[in-house]
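What follows draws every value from the coordinates through simple rules; no lab data is involved. What you see is a predicted model, and the numbers here were worked out from it, not measured in a lab. A quick note on method: Cβ atoms are made from the backbone with ideal geometry, for glycine too, and the neighbour counts reach across all protein chains shown.
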Amino acid sequence: MNTRNWIAFVLILISLACLYPGLFQPIMSISIIPRLPLVGEITLYESTQSILKTIETLYTNNNQLVAILILLFSVIVPVLKAVILLVVLFLKDLSSRKKLFDFVRIIGKWSMADVFVVGVFLAFLATKSNDGFHAEIHAGFYYFLAYCLISLLAIQVMKVEER
């Protein structure tokens, strides 16, 4: 294996190390605490969720389609992408390596779509249009973002044509 592919191998392992806490650690907290005249602040809603907890909550609250889409793009595609990249690194047949690598490039675009959606969602939540509505991002968001960026870097570094 050439130097570029060793670097890609290390990057894939690092990206998987980031994916795990990215899925299990909280990504955000949401709280609705309006200030009411004469009463003061009242907590109406508080929630801190990880990606996997969000999937579970959506599924149990009859939002199965959204839960399945988040599961697909946040869990299944990233794991599948990493496994295929590892196979590409150690596969001997050049034709199969190229086909698998091209497939990873196609599905790799879908994993960044999830980061974009989460980013837009957080930007919406973080607006100060309502003083009683607060959102805070947590470490899980940064781990998941790191996974996406490092895995994309691994794809860019990887050299498929020769071993």
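Using Cβ contacts closer than 10 Å as the measure, can you line up Val104, Val157 from fewest to most?
Val157, Val104
So for Thr54, Thr43, fewest C-beta neighbours within 10 Å to most, what's the order? Walk me through the numbers on the way to the answer.
On the way: Thr54 21, Thr43 10.
Fewest-to-most ranking of Thr54, Thr43: Thr43, Thr54.
Across the chain, how many lysine pairs separated by 8 or more positions, or lying on different chains, have Cα atoms within less than 30 Å?
The result is 15.
Based on DSSP H runs of at least 4 residues, each adding -39500 (n - 2.57), what is the mean residue ellipticity at 222 nm of the chain after dividing by all its residues, to the nearest 500 deg cm²/dmol?
-21500 deg cm²/dmol
Would you mind ranking Ile42, Ile51, Ile150 by Cβ crowding within 10 Å, fewest neighbours first?
In order of increasing Cβ crowding within 10 Å: Ile42, Ile150, Ile51.
Largest first and to the nearest Å, give the Cα extent of the stretch 12-86 along each principal axis.
Between the extreme Cα coordinates on each principal axis of the stretch 12-86 lie 62, 29, 12 Å.
Can you give me the angle between helix 51-60 and the longest principal axis of the chain, using Cα atoms only, in degrees from 0 to 90, rounded to the nearest 10?
The helix 51-60 is inclined about 60 degrees to the chain.
List every residue whose amide H lies under 5 Å from the amide H of Lys159, counting only residues 5 or more places away in sequence or on a different chain, with H placed 1.01 Å from N in the peptide plane.
Residues meeting the criterion, in which the H sits 1.01 Å from N, are Asn5.
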